[in-house]
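First the structure, in the form of structure tokens, and then the observations on it.
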Amino acid sequence: MTSVSQCFEHLRDRARCALIPFITAGDPDLETTAEALRVLDRQGADLIELGVPYSDPLADGPVIQAAATRALQRGTRLDDVLKMVKQVAPTLRSPLILFTYYNPILNRGIDRFLQEIAAAGVKGLVVPDLPLEEADSLLKPAIVHGVEVILLVAPTSPQERIAAIAQQSQGFVYLVSTTGVTGMRLQMQARVKDLVQELRQVTDKPIGVGFGISQPDQAHQVMEWGSDAVIVGSAFVKRLSEGTPAEGLKSIAEFCQSLKAAIVAE
Amino acid sequence: MGHSFVYRFRLVTTTPLSTNLQPDSSAFSHDRPDSLGRFGKFGGKYVPETLMPALFELEAAYHQYRKDPDFQQELQGLLTDYVGRPSPLYFAERLTEHYAKPDGTGPQIYLKREDLNHTGAHKINNALAQALLAKRMGKQRIIAETGAGQHGVATATVCARFGLKCIIYMGVHDMERQSLNVFRMRLMGAEVCPVASGTGTLKDATSEAIRDWVTNVETTHYILGSVAGPHPYPMMVRDFHAVIGQETRAQAQEKWGGVPDILLACVGGGSNAMGLFHEFINESQVRMIGVEAAGHGVETEKHAATLTKGRVGVLHGAMSYLLQDDDGQVIEPHSISAGLDYPGVGPEHSYLMETARAEYYAVTDEQALAAFQKLSQLEGIIPALETAHAIAYLDALCPQLVGSPRIVINCSGRGDKDVLTVSGLLNS
């Protein structure tokens, strides 16, 4: 199966910007999550981020918070998520990136956690509450297990910090586009353009922009600003949760196509 | 560590030991926390990247101003004239008589009267100092979380005093049981934002305050109200409350020419306990005891006894003991006291427990309620329900003591805010 880095190499060869949808595992249920992964894979996703529901998601806005709460209320457990991933991942073209807060990792034990997600077919890991200073505990063992740990850069990060984070990040560098939590925004902050350029000056690694992107024109804008990937979360989570699972799946399929069309145009 | 430690700790809970668990004093000889904000393995900064520069900025400002004569002068002046410090160290004569043994010996019980501070609790020490810091950092918007409402009231108070915009996050359940404090905050011009997620208590209010800070970090200072959260908060909040222990030392010296034998304080996040303990940490003859909330009992699922029953984890930016399930999901705690109803605990307390420098026990809602009434009846002092947990532990502690050791209890807050809750419970 393709690693996150390899996936970006292929895309770079074809000068393509990647689409990375995000969904929350277990909302409305894990069968729907499995089907959603297949749908997104078919409808234009290049990589897929899968959120592990957590009780205290302090980097998340209301949409993903609510999805996580619903998933936990249904009794979604990490083992069930990984069991589902193990079945689905081999059937997907897109590498899977797991998005989880640090406590569930720590609770399971770092090595055991990495070993289990790698065995399930997970290729990348995003931990939103693990900044560079605390990431050592995860970065080195992750290499051993073949999981790439993607670090985040924020609009508030000073230049020297951006360079240090980019240097340590694996797979790609996740650029948080807005000072805030995850969630849909009406407008992209213009300074994202400067941030992408700043980041480009200090790293050859791919850059993925996320937080706040919810419309095809915003995705297009971010691509135009030079990003290698567009990450869209809350807008998918919201669509998938509305109506019946079948309606939700249909809705995210159409949405995924429209985003893809917006970033492969011309 | 894991199981072997838990085992040792359980032994300690049944038989408190004062002398044979003393740690190697060299472990306490250097500065805590270290430059990464660690107390041993506890503490650190587990926050979204967006907040990291703000935490560095805050740490730098703290180190700059703590030594700045103007800052210190302004703070000391306000602590004296606005807060009403020093707070008295009061000899609780009838409480002492209550626990006296037939032979006339028994502990001499003193109360450090933080309840007499302006706004009725120790919380104002930290809120005031952080507001002065925020002003110097040029931040005009203040946010805070609150459980019992004491920290929210203290923050609203200092914001009114300095003309700062103030937003307080409070769980909907806590707003109900602490409605008097909600009114006080609003009266002083604060906006109180109800938080309905989770159980609508302190944990959820804290998460929401952190989300606000992530969003408005460039204009906003977050006055965190306990010795919890990411570095530098556990250090800074402790230092701003250290005046409690410093005054206690001077007052003990004046009253009996020595230091206290035992320090006793309730622990939710643990700020009033750290404020009392910090001054005496290097003196191993001073025994330090923290009392957690056992809710319906630590053997049930309804308690907030983090150090007694939790495992090491990460919540709200710090590694510390944490109430969590097998999957690492944070468990909703329970306590009659909104201020102790928190599934985490300040990282330095985890460190003090693991190094056996301090001891931690838990008392139930019922025991706290009894102590609430006992202190009211014996001393004419209505304690906060949080404080009542520390008082309640006297029942277990006093019979084990030999001679007449001097106990100083941090009387961390007054109970006016709790009388409605308690009268409801006593009538039902």
I'd like the residue in region A:234-257 that is among the small types (Gly, Ala, Ser) and free of Cβ contacts under 8 Å to residues at least 12 places away in the same chain and, out of all such residues, is surrounded by the most Cβ atoms within 10 Å (Cβ to Cβ). A:Gly243
Yes/no for A:Thr182 being buried (at least 24 other Cβ atoms within 10 Å of the Cβ) and within 12 Å of another protein chain (Cβ to nearest Cβ): yes
Given the conditions (1) in contact (Cβ under 8 Å) with a residue 40 or more places away in the chain; (2) more than 14 Å from chain A (Cβ to nearest Cβ), every one holds for B:Thr80 apart from (1)
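Could you list, in sequence order, all residues of region B:375-392 that are over 14 Å from B:Leu111 (Cα atoms) and touching a residue at least 40 places away in the same chain (Cβ under 8 Å)?
Listed by number, the residues that qualify are B:Leu385, B:Glu386.
Can A:Ala190 be described as under 21 Å from A:Met223 (Cα atoms), aliphatic (A, V, I, L, M) and more than 12 Å from chain B (Cβ to nearest Cβ)?
Here the answer is yes, as A:Ala190 does meet what is asked.
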Residue in region A:124-158 that is farthest from the other protein chains (Cβ to nearest Cβ), counting only those that are within 20 Å of A:Lys86 (Cβ to Cβ) and part of a loop (DSSP other than H, G, I, E, B): A:Gly146
Residue among A:Leu58, A:Leu47, A:Leu78 that is modelled with pLDDT under 95, buried (at least 19 other Cβ atoms within 10 Å of the Cβ) and touching a Pro at 6+ places or on another chain (Cβ under 8 Å): A:Leu58
Helices (runs of 4 or more DSSP H) fully within region A:25-123 counting 1 or more residues that are facing chain B (nearest Cβ under 9 Å): A:62-73, A:78-88, A:102-108
Looking at B:Glu354 and the list (1) touching a strand residue (DSSP E or B) at 6+ places or on another chain (Cβ under 9 Å); (2) touching a residue at least 40 places away in the same chain (Cβ under 8 Å); (3) over 25 Å from B:Asp115 (Cα atoms); (4) within 12 Å of chain A (Cβ to nearest Cβ), which single condition is not satisfied? (4)
Residues B:Glu218, B:Glu254: which one is away from every other protein chain (no Cβ under 14 Å), surrounded by fewer than 19 Cβ atoms within 10 Å (Cβ to Cβ) and over 15 Å from the mean Cα position of the chain (by Cα)? B:Glu254
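Take B:Ile210 and decide whether it is buried (at least 24 other Cβ atoms within 10 Å of the Cβ) and under 30 Å from B:Gln108 (Cα atoms).
So B:Ile210 fails the test.
The values are calculated or read from the model by the stated rules, or taken from the named source; none is laboratory data. Because the structure is a prediction, the values reported are computed rather than measured. Positions of Cβ are backbone-derived with ideal geometry, glycine not excepted, and every protein chain shown enters the neighbour counts.
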